[in-house]
Amino acid sequence: MYKICVFASGRGSNLKAVWEYVNSSSLDIEIYCVVSDKTECGALEFAEGKGIKTVSVSGKARNGFLTYDDLIVEFKTNKIDLIVLAGFLKKIPDNFIDAFPERIINIHPALLPLFGGKGMYGMNVHKAVYNSGMKVSGVTIHFVDKIYDHGKIIAQKCVDISNARSPEEIAGLVLRQEHKLLPEIIGKFAESKVKIDNSKVYII
Ligand code: GRF
């Protein structure tokens, strides 16, 4: 059993894509829990509807929230294999990242290292891409390190945006590819097909 946890702050469409993949795949993958920095959002609602355990996390202990330190204990005790950030908007504390080296991945809706970094999330990304006049955008899946959108790139997919007339249109085109690439890469992790060699990541 390959156990993953999905972190999300918003609508949860990538979580849904991952759930659909996990449920139709022959690989033995379990979404152990869904973590959010909110108490209400589309991702939590989706998880609750599917009977997946949900957790709200915060830097400080407050009503109904676990701390990141609590999560480290919980994930280590339950042998979580992979932590997937899918639209999670809060910065993850350094000690949490240190606790799971090369086990935390993020999906970013553009081709890093372009259009990343602090403040580059949601529509901000697509507006910047639109204003740049670039004809391609895409999806990046990368390891999470202590700097926003900076860890080693695992996989990318280009998206032709030459006919896109607005940032919203770019967002839609990119999101469609996110829903394909993220489950595919989770599958590669579950099959131990993601290898790091000389600080580059290869899918074998
Ligand atoms: C996606 O575009 C993802 O790349 C970004 O945040 C968005 C989350 O969308 N990090 P959803 O909540 O999965 O629908």
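Just a few scattered comments:
- ARG11/ASN131 FRET efficiency (R0 30 Å; Cβ-Cβ; nearest 0.05): 0.80
- With each label modelled as a point 7 angstrom along the Cα→C-beta vector, the ARG176-ILE147 pair spans 3.5 nm.
- Under Karplus coefficients 6.51, -1.76 and 1.60, residue-wise ³J(HN,Hα) of region 9-16 in Hz, glycine/proline x: 10, x, 5, x, 6, 5, 4, 4
- Each peptide in 56-64, 172-180 gets a packing score, the mean of other Cβ atoms within 10 Å over its residues, and the list from highest to lowest is 172-180, 56-64.
- Summed side-chain charge close to SER13 - residues other than SER13 whose Cβ falls under 11 Å, Lys, Arg +1, Asp, Glu -1: +1
- On the chain, 50 percent of the accessible area sits on carbon and sulfur atoms, based on a 1.4 Å probe.
- Taking 0.36 nm per residue of separation and subtracting the current Cα-Cα distance, fully stretching the chain between GLU184 and ASN198 would add 2.7 nm.
- Estimated 222 nm signal from helices in the chain, with DSSP H stretches of n ≥ 4 weighted -39500 (n - 2.57), rounded to 500: -10500 deg cm²/dmol
- Cα centroid separation - region 1-78 against region 108-147, whole Å: 24 Å
- Rounded tilt (10° steps) of 123-132 against the dominant C-alpha axis of the chain: 20 degrees
- Amide H contacts for LYS3 (H built 1.01 Å from N in the peptide plane; partners 5 or more residues away or on another chain; cut-off under 5 Å): GLU30, ASP81, LEU82.
- Surface per residue (accessible, 1.4 Å probe) for region 28-128, Å²: 49 Å²
- Packing, as the average of other Cβ atoms within 10 Å across residues, places the peptides 48-55, 163-170, 29-36 in the order 29-36, 163-170, 48-55, highest first.
- Computed over the chain, the percent of Cα pairs more than 21 Å apart is 51.
The values are calculated or read from the model by the stated rules, or taken from the named source; none is laboratory data. These figures come from a predicted structure and were not determined experimentally. Reconstructed Cβ throughout: ideal geometry from the backbone, glycine too, with neighbour counts over all protein chains shown. Accessible surface areas use protein heavy atoms only, side chains included; no ligands, DNA or RNA. Shrake-Rupley method; radii C 1.70, N 1.55, O 1.52, S 1.80 Å.
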